[in-house]
Amino acid sequence: MIDLTGQVALVTGAARGIGRAVAETLAEAGAAVVVSDVARQVDGVTYGLATDDDLTATVAAIEAAGGRAVAVHADVRRDADLDRAVRTAVDEFGRLDHVVANAGIASWPESTWQATSEQWETMIDVVLTGTWRTVRAAVPAILAGGRGGSIVFMGSTAAVKPLPTIGHYAAAKSGLVGLLKSLALELAGDSVRVNMVHPGGTGTEMTQNPAAEHWQATAKGVDGALALPMPIHRMETVDVAHAVRWLCSDEARYLTGTEMVLDAGATLR
Ligand SMILES: NC(=O)c1ccc[n+]([C@@H]2O[C@H](COP(=O)([O-])OP(=O)(O)OC[C@H]3O[C@@H](n4cnc5c(N)ncnc54)[C@H](O)[C@@H]3O)[C@@H](O)[C@H]2O)c1
């Protein structure tokens with residue numbers, strides 16, 4: 001059984017979806033969790049992002065199950081927010097051991113080359129630069145603990161297999177692979193591991209909203225590319241959370257710099 005008792009995790013984008021499942025799963029294993037999310041609309045995103053109520057509900061669910069959690073409003077585009085999230089981990093729970101850089105957005109241009117500058121820049125800012133900012137804020141606190149730790153990036157099968165029209169999303173997620181490898185090498189001597197999960201289609205509000213459904217129904221080749229060889233339509237958030245929990249655990253203590261493709265076989269064909 002994975003036991004994270006006495007450890008502290010920060011999860012971004014944790015008010016709902018995969019991030020919420022990760023926060024709940026880490027807390028179930030005994031970790032105290034800083035649940036952070038922008039919990040506001042981001043300009044240019046055409047589906048609703050998480051709300052204050054979602055953020056509160058995540059903490060309430062963890063506490064109802066006997067876990068420890070605290071909510072922090074943090075936009076991964078803002079260094080000051082991330083510094084506050086890290087300070088909260090140290091002030092409330094005494095340390096920081098794990099960071100799950102999960103916050104993300106989606107948008108669906110007509111084609112990759114027709115993406116607007118706003119779609120491109122917001123995607124890179126949230127997904128790629130936001131992950132780097134999260135790491136920059138968190139690493140000093142992990143190192144100060146002096147007992148190693150782990151960082152998990154939320155990738156996507158879009159970084160593994162081409163999907164039509166969302167090259168901006170694929171570029172941001174693929175950029176994380178390079179970031180992952182440099183960081184893993186730099187932090188290995190301090191026993192801080194850096195790994196990445198590439199989920200395939202998972203049932204969340206990012207994939208189940210009118211704009212996403214329109215894209216799936218109309219963009220040429222999407223249907224086939226997203227089809228899962230295993231007999232399910234979509235994975236559940238908890239499936240991704242279990243992989244993240246394992247990556248944070250001692251069972252993965254020498255695993256670093258790796259990409260785990262978790263997609264019910266979608267990238268096999
Ligand atoms: N659902 C899928 O099929 C799927 C597949 C592959 C990868 N992913 C990735 O998983 C992660 C979680 O996505 P999800 O499917 O749970 O979607 P989701 O929309 O339910 O969750 C994303 C969360 O990130 C938050 N967020 C957005 N912008 C933010 C910002 N600037 N700062 C802080 N928080 C912000 C949102 O409020 C939301 O709570 C994303 O990185 C996404 O790219 C999802």
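The values are calculated or read from the model by the stated rules, or taken from the named source; none is laboratory data. No experiment lies behind these values; they were computed from the predicted model shown. Glycine gets a Cβ as well: all are built from the backbone with ideal geometry, and neighbour counts include every protein chain shown. Side chains are part of the model used for accessible areas, which takes the heavy atoms of the whole protein and leaves out ligands, DNA and RNA. Shrake-Rupley method; radii C 1.70, N 1.55, O 1.52, S 1.80 Å.
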- Item | Test: residue in the stretch 158-167 that is within 15 Å of the ligand (Cβ to nearest atom), surrounded by 22 or more Cβ atoms within 10 Å (Cβ to Cβ) and more than 16 Å from the chain's Cα centre (by Cα) | yes
- Among the residues of the stretch 42-75, write down those that are in a loop (DSSP other than H, G, I, E, B) and free of Cβ contacts under 8 Å to residues at least 12 places away in the same chain. Gly66
- Selection count, the stretch 46-60, where residues are acidic (Asp, Glu), more than 8 Å from the ligand (Cβ to nearest atom) and surrounded by 15 or more Cβ atoms within 10 Å (Cβ to Cβ): 0
- Taking the residues in the stretch 195-224 that are hydrophobic (A, V, I, L, M, F, W, C) and surrounded by fewer than 17 Cβ atoms within 10 Å (Cβ to Cβ) as candidates, determine which candidate is modelled with the highest pLDDT. Ala211
- Message: For the stretch 1-41, give me each residue that is in a loop (DSSP other than H, G, I, E, B), touching a residue at least 40 places away in the same chain (Cβ under 8 Å) and near the ligand (Cβ under 8 Å from one of its atoms).
- Response: Thr12, Gly13, Ala14, Ala15, Arg16, Val38
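Filter the stretch 91-105 for residues that are surrounded by fewer than 22 Cβ atoms within 10 Å (Cβ to Cβ) and over 23 Å from Arg253 (Cα atoms) and give the result. It would help to see each step written out before you state the result.
Filtering the stretch 91-105 down to residues surrounded by fewer than 22 Cβ atoms within 10 Å (Cβ to Cβ) leaves 91-95.
Across the stretch 91-105, the qualifying residues are Asp91, Glu92.
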- Pair list, Cβ < 8 Å and 6+ apart or interchain, from the stretch 169-181 residues that are within 13 Å of Gly104 (Cβ to Cβ) to residues that are more than 12 Å from the ligand (Cβ to nearest atom) and open to solvent by 40 Å² or more (accessible area, probe 1.4 Å): Ala170/Pro162
- Query: Going by the structure shown, is Ala188 under 30 Å from Gly148 (Cβ atoms), open to solvent by 30 Å² or more (accessible area, probe 1.4 Å) and hydrophobic (A, V, I, L, M, F, W, C)?
  - Reply: yes
